[in-house]
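K.L.:
Structure in structure tokens, see below.
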Amino acid sequence: MSREPATARRRTTSRPLSPYEVLRNEVTDGIKTARLDPEVDPEGVDHFVRGAIESWQTVARQGLDGKELLARPDEMAERILRYVLEYGPLTGPLSDPGVEEIFIEGDDIFYIDGGGYMRGVSEVTTAEENLAVVRRLLQDAGREVTEREPMVQARVLGGTVRMGVVIPPIADKLSVTIRKYTMRNETLSLLVGRDSMDQRVAELLWAAVRAGLGILVCGRPGAGKTTMLNALLRAVPPTMVVRCVEEIRELSAPVMAGSYYQTRPAGADGDVAAEVSLRDLVKTCLGMRPDLLVVGEVRGAEAFELVRAGNAGCGVIATVHANNTYDALSALRDTAIMAGENVAPAQVQSTFQRMFHLVVFVDREELAFDDQGGAPIRRQVMEVAALMPNAAGEDFLLQPLFVRDRIGEPLRWSEAYPSDAAMARLDATLKRHDSSTADLLRGNPANVVALADVPPETGLAPRPGRRAFRRNPYPAPVVPVSLSTEPGPSSR
């Protein structure tokens with residue numbers, strides 16, 4: 001049955017509805033009246049839609065009701081079926097394995113393709129239709145967005161997609177970001193194959209994870225922090241007890257001893273007792289004997305709980321938004337200070353100085369508008385820095401180990417080494433493989449990270465209960481957003 005409320009399908013402006021909008025509304029109301037369930041009887045829905053199109057054409061030929069004859073009735077039927085049975089204008093981008101992120105801003109839909117180019121879907125859409133599809137995605141995940149709860153983040157499509165939604169009055173118009181997980185089996189060797197890092201850096205990070213060193217991964221949005229975190233997790237030895245906490249589950253690496261935990265918002269009725277924050281999760285996991293605590297993204301009060309983790313002695317791997325390695329540590333420290341009560345800044349500084357041993361900065365190429373395609377956008381490790389002892393204790397002391405001047409250029413070893421304490425733990429791990437930290441940094445690999453073939457990216461599986469994504473997922477050619485396509489009324 002039609003799942004979105006009628007208010008989601010009615011425009012409040014005085015603009016005349018297009019033939020597509022009129023037919024879509026008639027069909028969704030008719031399906032509800034006929035008690036047809038798109039989940040159970042997609043063939044019946046298909047028959048109903050094509051019958052509605054045929055009736056429209058008959059009335060239009062007779063010149064009745066002011067209806068225009070449809071120039072392409074089969075395309076109109078396909079478009080309505082995509083809306084009813086699938087995800088309307090989002091069907092194509094969601095099913096395309098090359099699309100990484102999708103943005104909805106009011107009436108417009110943009111996406112980033114596998115080549116790193118920003119494009120727009122040529123199909124003319126409205127904010128009402130887009131909101132109805134977004135609500136359907138959220139409903140399948142047991143979530144909803146309303147004026148009372150105008151901001152929602154959720155995993156949809158069986159956990160393969162992360163979606164953030166903001167609606168008025170918080171936003172001036174519907175604003176949605178959809179992030180697809182295009183890599184599901186990230187490993188350090190795959191990142192070497194993708195030229196994100198070289199063999200030396202991969203083996204240094206492998207040894208750091210095995211030795212239980214604290215690692216902070218930083219970068220701007222979309223730079224590959226989660227991908228790096230997944231790769232690091234796959235280097236964890238099976239004997240480690242791993243606790244991974246995230247606001248929305250994004251990490252996918254399997255852990256033998258341990259679990260994944262994600263936050264829960266307050267209840268829809270405002271029940272704050274139902275809320276489970278990231279700070280709550282970190283605090284709980286510290287009491288569950290972790291060898292390694294992994295925090296998907298630190299940006300709030302959970303930073304203060306990391307101070308407790310440092311004092312508890314467990315290893316920590318976390319990510320934070322920052323533009324360089326120093327800013328990452330400063331942001332972490334300042335956030336922890338603001339979240340703590342009567343906490344001395346020097347104590348936070350000292351704890352993080354001891355807790356983290358390496359800081360990894362990742363970045364990506366800039367997006368571009370282009371209709372020619374090209375190589376996939378590159379995400380690369382730009383710097384690996386080691387935290388060094390600082391007797392003065394006034395600020396973080398970072399020693400760059402590997403630096404890349406700009407994306408596309410090789411990583412350079414600075415001929416520096418980690419701290420003595422980190423070196424001792426790294427050497428103890430590498431000794432089992434007849435290697436040492438010095439050998440590894442000087443370009444003599446321990447061969448603990450085997451190079452692997454880079455597999456092709458895979459798309460999303462069809463959603464159970466719906467028809468598989470249809471023959472041509474896009475209703476019309478996709479054009480760059482810099483172009484404007486405005487079909488006539490009869491084709492809309």
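FYI, it's all coordinate maths here, none of it is from the lab. What you see is a predicted model; the values in this text were computed from it and never measured.
K.L.:
Could you give me D for region 72-208, from Stokes-Einstein at 10 °C and 1.306 mPa s, where the hydrodynamic radius is the Kirkwood radius over C-alpha pairs? Units µm² s⁻¹, please. Please report the intermediate quantities before stating the final value.
P.N.:
Values: Rh = 16.8 Å.
Answer, rounded: 95 µm²/s.
K.L.:
Among the aspartates and glutamates, which have Cα under 18 Å from the Cα of K67 when same-chain residues fewer than 8 positions away are ignored?
P.N.:
Here the aspartates and glutamates satisfying the reach criterion relative to K67 are E21, E26, E54, E75.
K.L.:
Enumerate the amide H contacts of M382 below 5 Å, restricted to partners 5 or more residues apart or on another chain; note that Pro and chain-start residues carry no placed amide H.
P.N.:
F361, V362, D363
K.L.:
Follow-up question, since we're still on this one. Please figure out what share of the DSSP beta bridges in region 188-441 is antiparallel and state it in percent, rounded to the nearest 5. Before the final figure, lay out each step's value.
P.N.:
Working: 15 of 38 bridges.
Bridges in region 188-441 are about 40 percent antiparallel.
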